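Undergrad: Let me begin by handing over the structure; questions about it come next.
The values are calculated or read from the model by the stated rules, or taken from the named source; none is laboratory data. Note that this is a predicted model, so its numbers are computed, not measured. Cβ coordinates were reconstructed from backbone atoms using ideal geometry, including for glycine residues, and neighbour counts include every protein chain displayed.
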Amino acid sequence: MSRVLRSVVTGVGGYLPERVVTNAELSTRVDTTDEWIRERTGIRQRYQAADDQPVSDLAVEAARRALVAAGRTPADVDLIIVATTTPDLTFPATAAIVQRKLGCPIGIAFDVQAVCSGFVYALSVADGFVARNRSKCALVIGAETMTRLMDWNDRTTCVLFGDGAGAVVLEPGEGEGTTADRGLLGFALRADGTKQDLLYVDGGVSTNRQTGYLRMQGNQVFRHAVVNISEAVTAAAADAGIEVSSVDWFIPHQANQRILEGVAKRLGIDETKVISTVAEHANTSAASIPLAMAHAVNDGRIKPGQLLLLEAMGGGLTWGACVLRL
Ligand code: UT7
């Protein structure tokens, strides 16, 4: 086999803001109960960023932790991609703000907007730089302040989302061109713009100059989720040349425990291989996969050399999956 360059994850980090909002607290604000939220979603609590804490602050904390884990410093970083749907400002990109706050040298910095699928999309974009030796040290960050998009009178959405950030460091590494290589091995990315009405924000710069509120037909999104995600996972596994059954860990987007379990069941993935953190931080959109990854790396479940399967689905609709060996 010929030598190939792979984008290798060398560090993972996660950050959750200090303030915890429990289901019990929400039940004092809207007509809901802890029991309903736990039964329908698995969520027990979510975190909320402080009013003076923009999403870039969350991203910076997660990035710092990922850099420490990788044994790198901000001075090494030459590419920053932030997947976010809740940027600090309309422009500049949150990635450029993160670059300034971290003190990284001049390099490449931009945002990716694919809502909850943003992290999987951003990994694929970063792979285009790192695996072509155009970046030696990339930060791929999923960071969100979803609570700022909530209509706090709408019980069907406001109980589901939370704030947080997760980051990985990607560095080029030589492989043999086999599935035993460390690094990103395969992807499948999808979008279906005809399903916009199922999940969107009813505001925007060039529509009404408002931030807007998140609107979702939850049960319709749910209906699409399991089928769509399963197809993308199968396609990503084929792209990587692996069998889904051979993955060590399944790290899904953390939106709903029932979706997570439904996808795992449909794909024949044992429940002991599923990383679930949705109970702790609810749906943090693009941050949820790296947050779950950081959690399971830090508690020692995920180990170097293991095969990981990531998947997500969100507004657009967008969805996708990625296979990587740590
Ligand atoms: O990350 C982006 C992707 N998003 C998702 O993956 C979300 C996908 N969807 C879901 O997770 C689920 O559809 C939800 C958790 C949003 C809702 O669960 P569901 O089992 O699909 O419930 P439903 O929407 O069909 O609503 C059932 C009932 C309704 O009452 P009626 O009409 O049957 O009387 C709702 O009004 O539950 C009611 N309901 C609530 N009750 C108490 C909806 N939200 C609440 C609530 N508390 N917070």
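Undergrad: Taking the conditions exactly as written (at pLDDT 95 or above and either within 16 Å of the ligand (Cβ to nearest atom) or surrounded by 23 or more Cβ atoms within 10 Å (Cβ to Cβ) (or both)), does Gly166 satisfy them or not?
TA: When the stated conditions are applied, Gly166 passes them.
Undergrad: Anything in region 24-65 that is part of a helix (DSSP H, G or I) and of a type outside the set (A, V, I, L, M, F, W, C)? List them, or say none.
TA: Of everything in region 24-65, those that are part of a helix (DSSP H, G or I) and of a type outside the set (A, V, I, L, M, F, W, C) turn out to be Glu25, Asp34, Glu35, Arg38, Glu39, Arg40, Thr41, Ser56, Asp57, Glu61, Arg64, Arg65.
Undergrad: Would you say Val12 is within 30 Å of Thr90 (Cβ to Cβ), in contact with a Ser or Thr (Cβ under 6 Å, 6 or more places away or on another chain) and buried (at least 21 other Cβ atoms within 10 Å of the Cβ)?
TA: no
Undergrad: To continue, here is another question. Being under 23 Å from Leu189 (Cβ atoms) and either of a type in the set (Val, Ile, Thr) or more than 16 Å from the chain's Cα centre (by Cα) (or both) narrows it down to one of Gly241, Gly218, so name that one.
TA: Gly241
Undergrad: Counting only residues that are near the ligand (Cβ under 9 Å from one of its atoms) and without any contact (Cβ under 8 Å) to a residue 40 or more places away in the chain, which one in region 22-34 is farthest from Leu149 (Cα to Cα)?
TA: Thr33
Undergrad: Which of the residues that make up region 66-90 are under 28 Å from Thr207 (Cβ atoms), in contact with a strand residue (DSSP E or B) (Cβ under 6 Å, 6 or more places away or on another chain) and in a loop (DSSP other than H, G, I, E, B)?
TA: Hits for region 66-90 are Thr84, Thr86.
Undergrad: Return a yes/no flag: does region 136-143 have any residue that is within 16 Å of the ligand (Cβ to nearest atom) and either over 16 Å from Met216 (Cβ atoms) or outside the structural domain of Ile289 (by TED's automatic domain parsing) (or both).
TA: yes
Undergrad: Just one of the numbered conditions (1) away from the ligand (no atom under 16 Å from the Cβ); (2) under 30 Å from Gln53 (Cα atoms); (3) of a type in the set (S, T, N, Q) is not true of Thr194; which one?
TA: For Thr194, the exception is condition (2).
Undergrad: Given (1) within 10 Å of the ligand (Cβ to nearest atom); (2) closer than 14 Å to Leu324 by Cβ, identify the lone condition not met by Ala225.
TA: Condition not satisfied by Ala225: (2).
Undergrad: Identify, by number, the condition in (1) part of a helix (DSSP H, G or I); (2) out of contact with any helix residue (DSSP H, G or I) (no Cβ under 8 Å at 6 or more places or on another chain) that Gly305 doesn't meet.
TA: (1)
Undergrad: Within region 222-257, track down each residue that is in a helix (DSSP H, G or I) and of a type in the set (Val, Ile, Thr).
TA: Listed by number, the residues that qualify are Val226, Val227, Ile229, Val233, Thr234, Val244.
Undergrad: I would also like to ask the following. Can you pull out the residues in region 1-22 that are in contact with a strand residue (DSSP E or B) (Cβ under 7 Å, 6 or more places away or on another chain) and not β-branched (Val, Ile, Thr)?
TA: Arg3, Leu5, Arg6, Ser7, Gly11, Gly13, Gly14, Tyr15, Leu16, Pro17, Arg19
Undergrad: Now for a different question. Only one of Pro290, Pro304 is in the same structural domain as Lys195 (by TED's automatic domain parsing) and within 16 Å of the ligand (Cβ to nearest atom); which?
TA: Residue meeting the stated conditions: Pro290.
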